[in-house]
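These notes are about the structure you will find just below.
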Amino acid sequence: MTERAFFHRLCELRERFTPPPGFTYPEIGDGMFVMTKSPCRRHQVTVADVRDQLAPQVPDGAGVFEAADTGSEVLGKLRVPDLVVTTGEAATPLLAVEIVSPANPGTDYDVKSRDCPAMGIPHYLILDPRDGTWTYQWQVGRRRGSPEYENRLHLPYGNTVTVAGGWQVKTGGLPLYSRADMMLAPE
């Protein structure tokens, strides 16, 4: 079975799959399903706040969508960013936004920071309620032979980040995770 055929088979299986309670629909990466715990309330509040900030700023014909399947048959990957900005005609989002989950921050910072440029997503914003920082990456290049973001900005919440088409996201009012959200014992 070819890699593409295997990817298609995983996509077919995913369509018939029902995640157990408390888990999300799986993403596909490196020939396997990647399933995570359902997001906590503060995660979802951040998603809604950022969606509501971006929606009036994107141009006509574009929209801000939550948990939209974003994939590449060639790469054999299917990711589900927390938010994407895309147009009806575009197969690839203009912007992907991830809110870091307490349980798997490496997925957003490492794995998706590689997958997004490889899929041709020109702008990638990571919001991290664990420590109140954001990371914005843009301009896909090939300095080291494979697609990667050539520019990266990392700052604390409170700063407004300007992304993609000049759209602004105010981070000052975004919630931080509680110790319970991060599965830590109370102080």
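For every residue, the table says whether it meets (1) aliphatic (A, V, I, L, M); (2) loosely packed, with under 14 Cβ neighbours inside 10 Å; (3) touching a Phe, Trp or Tyr at 6+ places or on another chain (Cβ under 7 Å); (4) assigned to a loop (DSSP other than H, G, I, E, B).
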site: Val140; (1), (2), (3), (4): yes, no, yes, no
site: Tyr149; (1), (2), (3), (4): no, no, yes, no
site: Gln168; (1), (2), (3), (4): no, yes, no, no
site: Pro175; (1), (2), (3), (4): no, no, no, yes
site: Asp181; (1), (2), (3), (4): no, no, no, yes
site: Ala185; (1), (2), (3), (4): yes, yes, no, yes
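Total residues in region 44-92 satisfying the condition of being among the aliphatic types (A, V, I, L, M), within 13 Å of the chain's Cα centre (by Cα) and open to solvent by less than 50 Å² (accessible area, probe 1.4 Å): the figure is 9.
Scanning region 23-55 for residues that are assigned to a loop (DSSP other than H, G, I, E, B) and either closer than 20 Å to Leu127 by Cα or of a type in the set (A, V, I, L, M) (or both) gives Thr24, Met35, Thr36, Ser38, Pro39, Cys40, Ala55. Got at least one residue in region 27-40 being closer than 23 Å to Val169 by Cβ, within 18 Å of the chain's Cα centre (by Cα) and surrounded by fewer than 16 Cβ atoms within 10 Å (Cβ to Cβ)? Among the residues of region 27-40, not one is closer than 23 Å to Val169 by Cβ, within 18 Å of the chain's Cα centre (by Cα) and surrounded by fewer than 16 Cβ atoms within 10 Å (Cβ to Cβ), which makes the answer no. Go over the candidates Val64, Val84, Val74 one by one and state the one that is hydrophobic (A, V, I, L, M, F, W, C), farther than 26 Å from Arg142 by Cα and not in a helix (DSSP H, G or I). That would be Val64, the only listed residue that is hydrophobic (A, V, I, L, M, F, W, C), farther than 26 Å from Arg142 by Cα and not in a helix (DSSP H, G or I). Of the set (1) touching a residue at least 60 places away in the same chain (Cβ under 8 Å); (2) surrounded by fewer than 16 Cβ atoms within 10 Å (Cβ to Cβ), all apply to Val111 but (2). Which residues, taken from region 114-126, are over 16 Å from Thr36 (Cβ atoms) and either open to solvent by 10 Å² or more (accessible area, probe 1.4 Å) or over 9 Å from the mean Cα position of the chain (by Cα) (or both)? Matches in region 114-126: Arg114, Pro117, Ala118, Met119, Gly120, Ile121, Pro122, His123. Only residues that are in contact with an Asp or Glu (Cβ under 9 Å, 6 or more places away or on another chain) and more than 16 Å from Gly120 (Cβ to Cβ) were counted across region 137-155, and they come to 1.
On the stretch given as region 98-123, residues that are over 22 Å from Arg179 (Cα atoms), touching a Ser or Thr at 6+ places or on another chain (Cβ under 7 Å) and part of a strand (DSSP E or B) total 0.
The values are calculated or read from the model by the stated rules, or taken from the named source; none is laboratory data. Everything numeric in this text was worked out from a predicted model, so none of it was measured. With ideal geometry, Cβ positions are generated from the backbone for all residues, glycine too; neighbour counts draw on all protein chains shown. For the accessible areas, the whole protein counts, side chains as well, though only heavy atoms, and no ligand, DNA or RNA atoms are used. Shrake-Rupley method; radii C 1.70, N 1.55, O 1.52, S 1.80 Å.
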